[in-house]
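**Student:** Attaching a single structure in structure tokens format; questions to follow.
FYI, it's all coordinate maths here, none of it is from the lab. These numbers come from a predicted model, not from an experiment. Cβ sites come from the backbone with ideal geometry, for glycine too, and all protein chains shown count toward neighbours.
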Amino acid sequence: MANDFNNLMAVILNCATFLSEDIDRADPKRKDVDEILKAGERASALTSQLLSFSRREIVKAEILDLNHVISGIKSLLQRTARESIEVELDLFPVLNPTKIDRGQLEQIIMNLSVNALDAMPEGGRVVVKTANVAVDEAAVRRYPGLRSGEYVTLAVSDTGRGMSSEARARAFEPFFTTKPRGAGTGLGLSTVYGIAQQAGGHVIIDNGADAGTTFTVYLPATSVRVEQTPLPVDASGDERRSRETILVVEDEDGVRSVVDRILSREGYEVVTAASGPEALETFVRHSGPIHLLLTDVVMPGMSGKELADRVKKANPETPVIYMSGYPEQITTQEGVEAGQTYIQKPFTARELLSKVRDVNLSATGSF
């Protein structure tokens, strides 16, 4: 179910993005497209929450700058907010790095932000704040479950009505929600709590002095230096990639078409195949070099891993990116190990292009 849904969302989100780019902001239809994007992003997040909650999501911890991650999804935060809500970022200027899965960290940020937005139906203000915090024994006694040490904190505050003591006590229970039927799954906060605990951190809830609620996520700080990856930017003109050739292998027509369009718009030469055998034939017959193989993992007849092995036998220098909407245990069964380059569906154009650039930069040095 996750794979099929993620394939559908990859098409919906990217096609809606294509429309958004082509429609003027003053056009009334732009609002409809933006609503499609909002709904799609939340639907995609829900699938990720379910996979994370059931421990089926691929987890790849890395050293990250929390400020950098927040800045990378700032536009999504602002787009998710209604016009009556102001979103403010208060980021500590020199923040310690932390070790956590990037996708899970983005989940924490989005889940808490959406929760804050939903707490203010009449409008208000959301503040996303970061800080370096040293937790001492006094703080440990005040907040059971929190351990002493150096942390990076993410605090998301709203100006809503606040939470009752009962709601605060049950906030992290799976499927518990105070929202009306059909308006919430009860998985958002439990997912945040689970991710924080898995990373060695903790989550604290505080009601404001007058109104509102603040959720503070404590993530262990690390002294390891962050190798910062620049935020992806839309390439145009001279910044577009030269005509490197990418072989895209995907049995879902809609996903294959979307990936083709994303890469072609960026200046890559794209050749596509709907199966492993077709891809091998294309690889052999193509007149020029194939600079990258981008393949789905689970396909009928021949898996992506088997295809990649046969391509690398012919040309060991060909880099490979695997993509899939399946959870981790399925991709592992197919032979794709955690250390291999992988992108989870549904992905945005920006995420795909960033992954392609990273792989080729490290693999060939020609990008």
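**Student:** Work out the FRET efficiency for GLU306 and ALA61 from their Cβ-Cβ distance, taking R0 = 45 Å, and round it to the nearest 0.05.
**Tutor:** 0.95
**Student:** Show which lysines lie in cross-link reach of LYS99 when reach means a straight Cα distance below 17 angstrom and same-chain residues fewer than eight apart are skipped.
**Tutor:** Leaving aside lysines fewer than 8 places away in the same chain, those within reach of LYS99 are LYS60.
**Student:** Right, something else. Would segment 58-220 count as rounded, prolate or oblate if I go by the C-alpha gyration tensor, calling it rounded below 1.5 in a/c and otherwise prolate when a/b exceeds b/c, oblate otherwise?
**Tutor:** Verdict is rounded for segment 58-220.
**Student:** Among LYS312/LYS345; LYS29/LYS129; LYS29/LYS74; LYS31/LYS345; LYS312/LYS355, which pairs are too far apart, with a Cα-Cα distance over 29 Å?
**Tutor:** LYS29/LYS129
**Student:** How would HIS68, HIS286, HIS202 line up from fewest to most surrounding beta-carbon atoms within 10 angstrom?
**Tutor:** Arranged by neighbour count, lowest to highest, HIS68, HIS286, HIS202 become HIS286, HIS68, HIS202.
**Student:** What distance in nm lies between label points placed 7 Å from Cα along the C-beta direction at GLU351 and ARG285?
**Tutor:** 3.4
**Student:** Then there is this: If you take the beta carbon distance between LEU91 and ARG261 as r and set R0 to 30 Å, what does 1/(1 + (r/R0)^6) give as a FRET efficiency, to the nearest 0.05?
**Tutor:** Efficiency, rounded to the nearest 0.05: 0.30.
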